[in-house]
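Written below as structure tokens is the structure these notes are about.
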Amino acid sequence: MTATASEGDDRIIRESGIDARIALIVQPVLRGIGFRLVRVHLSGQNGLTLQIMAEREDGTMTVEDCEEVSRAVSPALDVDDPIEKAYHLEVSSPGIDRPLVRKSDFVTWTGHLVKMETSVVVADRKRFKGKIAEAGENDVLIERDKAAYGEEPSVRVPYDTIADVRLILTDDLIREALSKDNRARKEAKRRRGEPDDDVSEGAEPDATEEHEQEI
């Protein structure tokens, strides 16, 4: 768990350093246009690449949404100028094998496999692989994928010790992720008063939009 939460940031896993500074800039912009931040990461890929992972409150994220987010955050980044060099701005959806950053994410994806790293030793380990068995108020119960000899088959990991956690791609995860995405898109169309056409099962599960920006 990193960085102090900004106002309105309900994530339990957050950025540190320059990533945290960028998150503070883009988060209120995202909230203002109906999106929530998943993760910010500045990497040395292709010179410098600023990756902003976001989604709507219902968990959807289309290519058009990525373009909208890019157009909204670019001026804010220009004004605050947190990055001294030229960089690529990449806005994307969390994807199916997504990172989990909110307590609600653990609830939503209960029953699925994850890889997890902790910032401190928990039950003699800092790395875990297993199924989310239960998402509580203060911790998550992980059923180990392959418990070593002498280890308990499950372990409770406090949220405030988690440094990183990501879903593991499985057939069950793909089916459920696409089903959730389809339902969310249909509900969003109904709210907008648009025709309730069927959404194909492969509809944009990993939307990404890139925008190069010179600073």
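The values are calculated or read from the model by the stated rules, or taken from the named source; none is laboratory data. Computed from a predicted structure; not experimentally measured. All Cβ positions, even for glycine, are placed from backbone atoms using ideal geometry, and neighbour counts span all protein chains on display. Side chains are part of the model used for accessible areas, which takes the heavy atoms of the whole protein and leaves out ligands, DNA and RNA. Shrake-Rupley method; radii C 1.70, N 1.55, O 1.52, S 1.80 Å.
Here is how the numbers come out for the structure above:
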item: FRET efficiency for Glu57 and Ala147, using Cβ-Cβ distance with R0 set to 45 Å, rounded to 0.05; result: 0.75
item: Solvent-accessible heavy-atom area per residue, rounded to whole Å², over the stretch 109-172 at 1.4 Å; result: 59 Å²
item: Rounded percent of accessible protein surface that carbon and sulfur make up, the stretch 1-145, 1.4 Å probe; result: 47 percent
item: Sum of -39500 (n - 2.57) over DSSP H runs of 4+, divided by residues of the chain (222 nm, nearest 500); result: -9500 deg cm²/dmol
item: Probe 1.4 Å, accessible area per residue of the stretch 19-64, Å²; result: 40 Å²
item: FRET efficiency, Arg127 to Ile174 (Cβ-Cβ, R0 30 Å, nearest 0.05); result: 0.80
item: Unit charges on C-beta of K, R, D, E only; dipole of the chain, Debye; result: 700 debye
item: His112 accessible area, assembled protein chains, probe 1.4 Å, Å²; result: 20 Å²
item: Projected label distance in nm at Asn182 and Ile96, using a 7 Å step from Cα toward the beta-carbon; result: 1.3 nm
item: All-pairs alpha carbon distance profile, the chain, 5 Å steps from 0, percent; result: 1, 7, 14, 17, 17, 16, 13, 9, 4, 1, 0, 0
item: Spatially close lysines, pair count over the chain: Cα under 24 Å, gap of eight or more or interchain; result: 16
